[in-house]
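Asks: Dropping the structure in here first, questions after.
Nothing in this text is a laboratory measurement; each read-out follows from the coordinates by a stated rule. Just so we're clear, the structure is a prediction, and the values are computed from it rather than from any experiment. Ideal geometry is used to build each Cβ from the backbone, glycine not excepted, and the neighbour counts take in all protein chains shown.
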Amino acid sequence: MIKKVPNILCILRIILSVSFLFLREKTVAFVVVYIIAGLTDMIDGTIARKFHAESALGAKLDALADVVFLGSGLLTAVLIVKIDLSKTLLIASGIWIVCAGALKAVDLLVTKVKFGQVNTIHTYLNKIMGFSLFVAIPVCVALRRIPFWVVAIVMALASVGVIEELLILLTSKEYDVDRISLLVPSKKK
């Protein structure tokens, strides 16, 4: 039964993430549900590794749950904050989103062509970026605005993380989802 817990947590994260959109008028409830959903993301992989419950389905569910979680969280935060950014910041953010999205698409394409799968690597930089975004959303909701420094930190971490992941993919002979850094060799044998 314990081996099913990580997948159950991923499914729970998807359900909670969709519920964000119904909580945009209830800011405190949104933040509480957001934190609970985020905690499921932090513990599902730990449980899977500890109890040797890693699976291809689990990896795909986790990736899907992450996308739904961050997408719903960002959209709900924008709806709560009623974003009113300067044209310059909007244009810069738009350009960055397109470039970062294109780089991420290249990462996924390289992973598919070179290693026969579509997945992301769990590097420290990717985890730090995810955590920074996880923290940034409730901070912006609490402030009722999106400060430039928050946007700059998240954009910088995401950019460096996606570039590191691409470099790992291009220089690796085997795919290691748990490779922690470009600077640390794969533990996979």
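Asks: What does the charge add up to near residue 176, with Lys and Arg as +1, Asp and Glu as -1, over the other residues with Cβ less than 9 Å from its Cβ?
Replies: Residues close to residue 176 contribute a combined charge of +1.
Asks: Taking a quarter of the surface of the convex hull around the Cα atoms of region 41-132, what do you get in nm²?
Replies: 7.3 nm²
Asks: Are there DSSP H segments in the chain that both extend 30 Å or more along their axis (alpha-carbon positions) and score a mean Kyte-Doolittle hydropathy of at least 1.0? List them, or say none.
Replies: Qualifying helices: 27-50, 56-81, 87-115, 148-171.
Asks: Taking the highest mean first, how do the peptides 27-33, 108-114 order by number of other beta carbon atoms within 10 angstrom per residue?
Replies: Ranked from most to least packed, the peptides come out as 27-33, 108-114.
Asks: Tell me which lysines have Cα within less than 16 Å of residue 188's Cα, excluding those fewer than 8 residues away on the same chain?
Replies: Filter leaves 173.
Asks: In a shell of Cβ-Cβ distance under 11 Å around residue 161, excluding residue 161 itself, what net charge do Lys and Arg (+1) and Asp and Glu (-1) give? List each step's numbers first, then the result.
Replies: Working: positive: 104, 127; negative: 107, 164, 165.
Local net charge: -1.
Asks: Using only helices, what value at 222 nm comes out for the chain when you add -39,500 (n - 2.57) per DSSP H run of length 4 or more and divide by the total residues, to the nearest 500 deg cm²/dmol? Walk me through the intermediate numbers first.
Replies: Working: 6 runs with 138 residues, N = 189.
That calculation yields -25500 deg cm²/dmol at 222 nm.
Asks: In nm, to one decimal, how far is the residue 19 label point from the residue 173 one, both placed 7 Å along Cα→Cβ?
Replies: Once both label points are built, they end up 4.8 nm from each other.
Asks: To the nearest Å, what is the center-to-center distance of region 155-178 and region 83-151, using C-alpha atoms only?
Replies: Centre-to-centre distance over Cα atoms comes out at 14 Å.
Asks: Sticking with this one: If a/c stays under 1.5 just call it rounded; otherwise compare a/b with b/c (prolate if a/b is bigger, oblate if not). Do that for region 85-189, with a ≥ b ≥ c from the square roots of the Cα gyration tensor eigenvalues.
Replies: Values: a/c = 3.00, a/b = 1.91, b/c = 1.57.
Since a/c reaches 1.5 and a/b is larger than b/c, the shape of region 85-189 is classed as prolate.
Asks: Using mean Cβ contacts within 10 Å as the protection proxy, how do 97-107, 155-165, 55-65 order, highest first?
Replies: Numbers: 97-107: 14.1, 155-165: 19.1, 55-65: 16.6.
My ranking of the peptides, most packed first, is 155-165, 55-65, 97-107.
Asks: Calculate, for residue 183 and residue 106, the FRET efficiency according to 1/(1 + (r/R0)^6) with r their C-beta to C-beta distance and R0 22 Å; round to the nearest 0.05.
Replies: About 0.55, to the nearest 0.05.
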